[in-house]
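Encoded as structure tokens, the structure appears first; notes follow it.
The values are calculated or read from the model by the stated rules, or taken from the named source; none is laboratory data. Computed from a predicted structure; not experimentally measured. Neighbour counts run over all protein chains shown; Cβ positions are idealised from the backbone, glycine included.
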Amino acid sequence: MTYEVLIDGNNYRLELDRLEGRWLCRLDGREIEVDAVLPRPDVLSLRIGNKAYEVKCERVANEVHFWVGSARFAAQVRDPRSLRGRVRAVDDQGPRKLTAPMPGKIVRVLVRPGTEVEAGAGVLVVEAMKMQNEIKSPKKGTIQKILVAEGAAVNAGDVLAIVE
Amino acid sequence: MGAAVGPTPRCLMFKKILIANRGEIAVRVIRACHEMGIAAVAVYSDVDRAALHVRKADEAYPIGAPPATESYLNIDKILDVAARSGADAIHPGYGFLSENAKFARACVDAGVKFIGPTAAAMDAMGSKTRARQAMERAGVPFVPGTSRGLESFEQAEQVATGIGYPVMLKAAAGGGGKGMRLVHASKDLKSALDGARSEAERSFGDSEVYIEKAILNPRHIEIQILADEHGNTVYLGERECSLQRRHQKVVEEAPSPMVDPEMRRQMGAVAVRVAEAAGYTNAGTVEFLVDQQKNFYFLEMNTRLQVEHPVTELVTGLDLVHLQIRIAAGERLPVTQDDVTIRGHAIECRIYAEDPDNNYFPSPGKITLLLAPSGPGIRRDSGMYEGWTVPMDYDPLLAKLIGYGTDRNQAIGRLTRALNEYFVGGIKTNISLFRRILRHPDFLSAKLDTGFLDRMLKQKDDVQLDSCTHPAAVEVAVIAAGMFAVLGPAAAGPSERVSADGSSGKASKAASQWKNAAHQEAMR
């Protein structure tokens, strides 16, 4: 199997093949001795040479994080042979969605559609666990739509507003 | 302890206790009930049906909608469950109804024992001014100042000179820092007084301002007391609670590194006087502000079990919840003051569902992976489990992790080790914050005060940055990412799946392919 792994803007090419009960691993062409066991879903016991690691996999919203000790890496794993491996480019020019970072209740809508906002300007306030969290505009632009009303319950990832 | 002192005969001890709470503390009290052979009754709101306390209880009753006012704070509903279940006592935990005198009174009227102080004792402590008068008569030290509003600038100047600068001006109706002014020298007093008055008027419609000696970089140290219903009161040493964020305690430890045996005796004696002045019974906590010169001043009394009670349990060897129940059942204290000894050191971390990368905002959601620490010197009081969805409706406290050692260094070492074992996936937690605190030079040398956390959070977390960009760690993450893809439940399909026991995963290919698609989605 060959994977492309994208972490922090760097692309790594990883080849993993199973041969006679052992892993053949090449990272960007460099051969590395590895051994891995999955004792339970989302937890990997990994040996690289004789160094041992417990790596945790965390799926949150539409990201996958890998934890090595207390360091977290957001990664995209693509199988280059697969058509699914396309990456959507983040377009700063077009409309941007404001999504709820957590489940909660909309307690205030701070702007009306059509309002011009600066990057970082507060658009809505979501309350969860007695704390209010201001959802800010990711870019300078115009509020195209507000998709929720005050008092509405929202889930993490729900689109709350669109800035153009 | 005389002949009538022994444990409650089995026939007089409670048979069934209702726990009017949720989360880790409800689980904590249920455990104590079971340890004592008492049945435990849980109550739960609509979003808590799957909560851990419901799973652990012997009986569980729904009490309504998620807002606390319609469920956990609803006295009628809780007393109705007490009647229906035949519970003979109610443990209120902390928060919710635990310091509600009306609830304590309603329990008495309903013929159910409230496990806590009497309503009268709560009332005495609840009113700041009445508490202060009773305490002053008992010789309890307060922060020097006027308890009444200032009448004139001349009076302010006179009082300030008397108690010495720096002084703090405070709005009598105040809260949240409004109408407060710190004054370092007499030349600044006039403008500060005018400013505080007009701000108090604007914020509270009341311009009354009083003056207190300003305690700079204070410590927050509290004394645990226990009082039975036969006039015996003991103190169980102190807890250092100076590490706070937004007035919320984050790390607590016992004993306090600054308190020596003599200071402990003095503070303990004052705490016992406070409790006795209020006719206090059951478990309670007397909070003090302590200045850099080790002067201590009464702040307030918490008339309930504290979140941080486990550190006291570990260093005294006493189970506070067992003792609360036994006191409520009419037993005398099984220990005298001389029996209470402090042994070793304990530190507690409050694990909250909050996002360190987003200004510690709450982070409810589903826990997808939970790896819990254990081993020597580790106690974990938790209300969460893997697969549980943390509701957004309540306080974000998930669990408490407590490290115990023969001394402070060993406690820190064990706790750090346990924090590294602890993993909560799917939601954000503040676990990384404790790693930072526990390696901070000021924490290690016990230079603690209530400003510690704010100062630390203003500094950059260099270690975190280092490990993130460490090339070896990135390499591990890359290889792990590939291995998860190959070995994961989704990876079956055409390539051979090798699991931990070496078996291959060909068994249910259809199911695997279905999972494969989901996995691929997740990996995008």
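Remarks
- Residues of the stretch B:182-210 satisfying the condition of being modelled with pLDDT under 90 and outside any helix (DSSP H, G or I): B:GLY205, B:ASP206, B:SER207, B:GLU208, B:VAL209, B:TYR210
- Residue in the stretch B:111-134 that is surrounded by 15 or more Cβ atoms within 10 Å (Cβ to Cβ), over 27 Å from B:GLU287 (Cβ atoms) and touching a residue at least 24 places away in the same chain (Cβ under 8 Å) present: yes
- Flag if B:VAL108 is among the β-branched types (Val, Ile, Thr) and at pLDDT 95 or above: yes
- Qualifying positions in the stretch B:310-339 - within 14 Å of B:TYR235 (Cβ to Cβ) and part of a helix (DSSP H, G or I): B:THR312, B:VAL315, B:THR316, B:LEU320, B:LEU323, B:GLN337, B:ASP338, B:ASP339
- Tallying residues that are touching a Gly at 6+ places or on another chain (Cβ under 7 Å), under 15 Å from B:ASN430 (Cα atoms) and assigned to a loop (DSSP other than H, G, I, E, B) within the stretch B:355-386 yields 1.
- Set B:ALA254, B:ALA227, B:ALA278: member being crowded, with 21+ Cβ neighbours inside 10 Å, in contact with a Phe, Trp or Tyr (Cβ under 6 Å, 6 or more places away or on another chain) and either among the aliphatic types (A, V, I, L, M) or at positive phi (or both): B:ALA227
- Residue in the stretch A:57-69 that is under 13 Å from B:ALA481 (Cα atoms), among the basic types (Lys, Arg), at pLDDT 95 or above and within 19 Å of the chain's Cα centre (by Cα) present: no
- Residues that are under 17 Å from B:PHE361 (Cβ atoms), touching a residue at least 12 places away in the same chain (Cβ under 8 Å) and within 14 Å of another protein chain (Cβ to nearest Cβ) number at least 3 in the following strands (runs of 3 or more DSSP E) confined to the stretch A:91-164: A:104-109, A:122-128, A:131-136.
- Residue match in the stretch B:256-276 (condition: in contact with a His (Cβ under 6 Å, 6 or more places away or on another chain) and hydroxyl-bearing (Ser, Thr, Tyr)): no
- Residue count for the stretch B:351-406 satisfying the condition of being within 20 Å of B:GLN306 (Cβ to Cβ) and of a type in the set (S, T, N, Q): 1.
- Filter result for B:ASP395 (in contact with a helix residue (DSSP H, G or I) (Cβ under 8 Å, 6 or more places away or on another chain) and within 14 Å of another protein chain (Cβ to nearest Cβ)): yes
- Meets criteria (acidic (Asp, Glu) and surrounded by fewer than 18 Cβ atoms within 10 Å (Cβ to Cβ)) for B:ASP291: yes
- Being surrounded by fewer than 20 Cβ atoms within 10 Å (Cβ to Cβ) and small (Gly, Ala, Ser) is a property that does not hold for B:GLY179.
- Matching entry among B:GLY377, B:GLY383, B:GLY387 (being on the phi > 0 side of the Ramachandran plot and either among the hydrophobic types (A, V, I, L, M, F, W, C) or buried (at least 17 other Cβ atoms within 10 Å of the Cβ) (or both)): B:GLY377
- Here the helices (runs of 4 or more DSSP H) wholly within the stretch B:430-524 that include at least 2 residues being at the interface with another protein chain (Cβ under 7 Å from one of its Cβ atoms) and at pLDDT 90 or above are B:431-439, B:471-487.
- Exactly one residue among B:ASN359, B:ASN409 is within 14 Å of another protein chain (Cβ to nearest Cβ) and over 29 Å from A:PRO39 (Cβ atoms), and that residue is B:ASN359.
- Among the residues of the stretch B:15-27, those that are surrounded by fewer than 24 Cβ atoms within 10 Å (Cβ to Cβ) and within 18 Å of B:ASP80 (Cα to Cα) comprise B:LYS15, B:LYS16.
- Some residue of the stretch B:401-418 being over 30 Å from B:SER71 (Cβ atoms), surrounded by fewer than 23 Cβ atoms within 10 Å (Cβ to Cβ), without any contact (Cβ under 8 Å) to a residue 12 or more places away in the chain and among the polar types (S, T, N, Q): yes
- Residue within the stretch B:340-347 that is among the charged types (D, E, K, R), within 17 Å of B:LEU236 (Cβ to Cβ), away from every other protein chain (no Cβ under 14 Å) and not in a strand (DSSP E or B) present: yes
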